[in-house]
Amino acid sequence: MDGEAPRARASWENGSLAPVDRLRTERADSPTPGLVEGTEPGAGQKSAMFVHAQSFEDLNAEVEKDARRDDEVDRSEGEHAEEELKVLVREENIEEPPNSPLESRSKEEDVSSEAWRSHRKHVFVLSEAGKPIYTRYGTEEALSSTVGVMIALVSFVEAEKNIIRSIHADGYKVVFLSKSPLVLVGVYRTCQSDKELLRELQYIYYQIVSLLTLTQLNHIFQHKQNYDLRRLLAGSEYLTDNLLLRLDRDPGLLLSAVTCLPLATSARDVVSSSLQAAKATNLVFSILLAGDQLVTLIRKKDQFLHHIDLHLVFNLVGSSSSFREGEGWTPICLPKFNTAGFFHAHISYLEPASQLCLILVSTDREDFFNMSDCKKRFLERLSKRSAYQALKEALKSPSYSVAQVGIPELRHFLYKSKSSGLYTSPEFPVMYQSDEEQERLMGLYQDLHSCLHHPTRPLSYFYRCGETENLLAWVTSGFELYLCFSPLGTKALAVSAVTKLLKWIRKEEDRLFILTPLTY
Amino acid sequence: MRVDAKVVMLGKESVGKTSLVERYVHHRFLVGPYQNTIGAAFVAKPIQVGEKVVTLGIWDTAGSERYEAMSRIYYRGARAALVCYDLSDSSSFQRARFWVKELQNCEEHCKIYLCGTKSDLIDGDRSLRQIDYHDAQDFAEEIGAQHFETSSKTGKNVDELFQKVAEVYNSTAFQYMTAEETGVDLGQKKDSYFYTCCHNN
């Protein structure tokens, strides 16, 4: 794995973590070399792949800004969207009751039961007219009165020219997110901060926008305020269900980052350049996934993908077996890129039983056969090279053990390189292998994340001793790090482990990160 | 792969369009929770007709209303449309009528195959049938369509259906070819059936 000539290797002698070449030129005067954004382990060597959301705070600010911009976009909405909408509106006279796919979900839960009440995280989506659109548990029909109360609260506070943000009572948090024409409400029993919970609701909002576009949503509700949006969302509920599960389990959603399939640089470079060569006029992004891990991503020059959009794509591909049937071709809105229009994605697996899924995102809805051709060219090129074999080998060990780091007390960690928007994390050790334990550990990380990113009193450093594990979290301008130690370890040990771990990541960064993202 | 004929599957969600394609292309029936198609899926399938091989390019579309605005790109230039309805669900037949009308208005050269699905359910319990065979047959005759009742679970009529599609394509393709040789009718409005988006393959 480290047979390749290193492009940027840390020099251990002087105790610095910065790549030697950079240290000499740009960062020589830096007081804490290696900890500065852009030089941390895993930092991309060319431009980044993603929209540059430097931190959680930026991301949230961006969300607010977006909301305002969206309004402007809507006013000048294109004719193209209009044309598609006409078809939708014309169809409205065929009134059918919401149909079987809804019932086929295991949602026949009684909403008055104790079991229903005791779920840890409830999520509701409603229209501004107070119609239920989505509930995580139970059926929407049974909830009309509950939803009525929610919308009453929202409009009561709004009447005073105010916005309701959250209600804290009796161990519960009720968080409101008003995103016209939708209102999202979360009812939680958790110690996560409001801000974190709001972020989860935002994901759900973007999930819905990615299916319909905001332009279409606005158009529908302008024409018919009490429209039952479930008609258009029918059959997509499981995408939202799955996204909610991911929010509890996937560190990527917590860290606003994605993780890569560990792969030797030489192999990744060949895969990337093969994909880069298979280009077409309207192709904007080519994404190769292995399960939930990124193998490579090629983008059009100057076009960036936001990690939220990428996670929505991950969720779409990961939730559905539909793309195994043949070559998929679907409209998809990438809401952080543009809430007004659809891209068109060609989604297919490289081989029938393969984990490798290729997503080609085009701007043209007539582009199916061009994209299909791109895939063919990519496969032809790739099959001729040994890199394909190396890639298939890498799929057999998609993760690594924390033992490789060589810190006995270390059980697990999350490391995010801020400038590249990528993170790495070992597989869960034996004691965290069950779903409950995994979710518990993720819950602990979430708590730490909440503390570090507290809206008024953010921390950069946090050590917590517990009965079952000790935790350390550290955020700098370059990276975010969360460590989980055995409860027998000491603080001094934990602190010394950080340096050791960072050195290890630096040594392995070629394999764990995508250091040279390509563009068309 | 060169695609000879574009074939599109249309019909209300969960009537079993994907299962039909799955049975025909992969000879299998997947049991498990219902998974709706996202957007559309494309499969090319060569089929033997007499001494010729015809490759059908099958577009399995999503039944969800959400994708309706996109449906035109899937049926435009199609040589055959398999309009599916669930024999045990009368509302799906209403939806089939809608698709037939849509095709008649926009794609007059597309052959329509009216296709009842899940006939194994009806065979198991006759009271489940909501669409009378003769009613559907009458409707099919009225619109000049072929009519099949199929089961993807047992495979009943599935191969026959696609075989028919290929045969009809084969014979009409020959007709069109000879028609073309007689000259070009300038008065004829621009025709869609010579256009398929499979050209560049």
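The values are calculated or read from the model by the stated rules, or taken from the named source; none is laboratory data. Note that the structure is predicted; figures quoted are calculated from it, not measured. Cβ atoms come from the backbone with ideal geometry, glycine included; neighbour counts cover every protein chain shown. Quick note on the areas: whole protein, heavy atoms, side chains included, nothing else; ligands and nucleic acids left out. Shrake-Rupley method; radii C 1.70, N 1.55, O 1.52, S 1.80 Å.
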Exercise for review: Give the residues of region A:115-152 that are among the aliphatic types (A, V, I, L, M) and either crowded, with 16+ Cβ neighbours inside 10 Å or in a loop (DSSP other than H, G, I, E, B) (or both), sorted by residue number.
Suggested key: A:V123, A:V125, A:L126, A:A129, A:I133, A:A142, A:L143, A:V147, A:M150, A:I151
Practice item. May I ask you to list the residues in region A:263-280 that are within 23 Å of A:S399 (Cβ to Cβ), open to solvent by 10 Å² or more (accessible area, probe 1.4 Å) and part of a loop (DSSP other than H, G, I, E, B)? Key: A:A264
Check your understanding: Can you spot a residue in region A:378-386 that is closer than 28 Å to B:A41 by Cβ, open to solvent by less than 10 Å² (accessible area, probe 1.4 Å), within 12 Å of another protein chain (Cβ to nearest Cβ) and not aromatic (F, W, Y)?
Key -> no
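Pick out the one residue from A:I298, A:I208 that is part of a helix (DSSP H, G or I), touching a helix residue (DSSP H, G or I) at 6+ places or on another chain (Cβ under 9 Å), β-branched (V, I, T) and open to solvent by less than 10 Å² (accessible area, probe 1.4 Å). Don't jump to the end; show me each part of the working.
Details: A:I298 fails: part of a helix (DSSP H, G or I).
After applying the criteria, what remains is A:I208.
Does any residue of region A:364-376 turn out to be within 14 Å of chain B (Cβ to nearest Cβ), aliphatic (A, V, I, L, M) and assigned to a strand (DSSP E or B)? Explain how you work it out, then say what you get.
Restricting attention to region A:364-376, the residues satisfying the condition of being within 14 Å of chain B (Cβ to nearest Cβ) are A:364-376.
Next, from what is left, pick out any that are aliphatic (A, V, I, L, M): A:371.
From the residues that got through so far, the ones that are assigned to a strand (DSSP E or B) too are none.
Within region A:364-376 (the criterion being within 14 Å of chain B (Cβ to nearest Cβ), aliphatic (A, V, I, L, M) and assigned to a strand (DSSP E or B)), the answer is no, since none of the residues qualifies.
For residues that are away from chain B (no Cβ under 11 Å) and charged (D, E, K, R), scanning just region A:321-355, find the one that is most open to solvent (accessible area, probe 1.4 Å). Walk me through how you get there before you give the answer.
Taking region A:321-355 as the starting set, the residues that turn out to be away from chain B (no Cβ under 11 Å) are A:333-341, A:343, A:349-351, A:353-355.
Then keep just the ones that are charged (D, E, K, R); that gives A:336, A:351.
Details: A:K336: 21, A:E351: 71 Å².
Restricting to residues being away from chain B (no Cβ under 11 Å) and charged (D, E, K, R), the top hit is A:E351.
Just to be sure before I move on: is A:Y188 under 24 Å from A:R457 (Cβ atoms), of a type in the set (S, T, Y) and buried (at least 20 other Cβ atoms within 10 Å of the Cβ) in the structure I sent? Quick ask: steps written out before the conclusion?
Working: under 24 Å from A:R457 (Cβ atoms): yes; of a type in the set (S, T, Y): yes; buried (at least 20 other Cβ atoms within 10 Å of the Cβ): yes.
Yes, satisfied.
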Check your understanding: If we scan region A:281-289, do we find a residue that is open to solvent by 10 Å² or more (accessible area, probe 1.4 Å), among the small types (G, A, S), more than 19 Å from A:L212 (Cα to Cα) and in contact (Cβ under 8 Å) with a residue 40 or more places away in the chain?
Key -> no
Revision key, fill the gap. Given (1) among the acidic types (D, E); (2) more than 14 Å from every other protein chain (Cβ to nearest Cβ); (3) closer than 21 Å to A:T146 by Cα, A:E196 misses just (3)
Point to revise | Unmet requirement for A:S193, which otherwise passes all of (1) open to solvent by less than 10 Å² (accessible area, probe 1.4 Å); (2) touching a Pro at 6+ places or on another chain (Cβ under 9 Å); (3) in contact (Cβ under 8 Å) with a residue 24 or more places away in the chain | key: (1)
Exercise for review: Search region A:387-414 for residues being surrounded by fewer than 20 Cβ atoms within 10 Å (Cβ to Cβ) and in a loop (DSSP other than H, G, I, E, B), and hand back the single one that is nearest to the other protein chains (Cβ to nearest Cβ).
Suggested key: A:P398
Review point. Can you name the number of the only condition in (1) over 21 Å from A:M442 (Cβ atoms); (2) aliphatic (A, V, I, L, M); (3) within 12 Å of another protein chain (Cβ to nearest Cβ) that A:V209 fails?
Key: (3)
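Kindly indicate which of B:F148, B:F139, B:F93, B:F98 is of a type in the set (F, W, Y) and either under 14 Å from the mean Cα position of the chain (by Cα) or under 21 Å from B:I47 (Cα atoms) (or both).
On the way: B:F139 fails: either under 14 Å from the mean Cα position of the chain (by Cα) or under 21 Å from B:I47 (Cα atoms) (or both); B:F93 fails: either under 14 Å from the mean Cα position of the chain (by Cα) or under 21 Å from B:I47 (Cα atoms) (or both); B:F98 fails: either under 14 Å from the mean Cα position of the chain (by Cα) or under 21 Å from B:I47 (Cα atoms) (or both).
Within the list B:F148, B:F139, B:F93, B:F98, the selection yields B:F148.
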**Study point:** Residue check, B:E68 out of contact with any strand residue (DSSP E or B) (no Cβ under 7 Å at 6 or more places or on another chain), facing chain A (nearest Cβ under 7 Å) and of a type in the set (D, E)
**Key:** yes
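Of the residues that make up region A:440-453, is at least one of a type outside the set (A, V, I, L, M, F, W, C), under 19 Å from A:D194 (Cβ atoms) and open to solvent by 60 Å² or more (accessible area, probe 1.4 Å)? Before the answer, list the steps.
So in region A:440-453, the residues of a type outside the set (A, V, I, L, M, F, W, C) come out as A:440, A:443, A:445-447, A:449-450, A:453.
If we keep only those that are under 19 Å from A:D194 (Cβ atoms) too, we end up with A:443, A:445-447, A:449-450, A:453.
From what is left, the residues that are open to solvent by 60 Å² or more (accessible area, probe 1.4 Å) are none.
Looking through region A:440-453, none of the residues is of a type outside the set (A, V, I, L, M, F, W, C), under 19 Å from A:D194 (Cβ atoms) and open to solvent by 60 Å² or more (accessible area, probe 1.4 Å).
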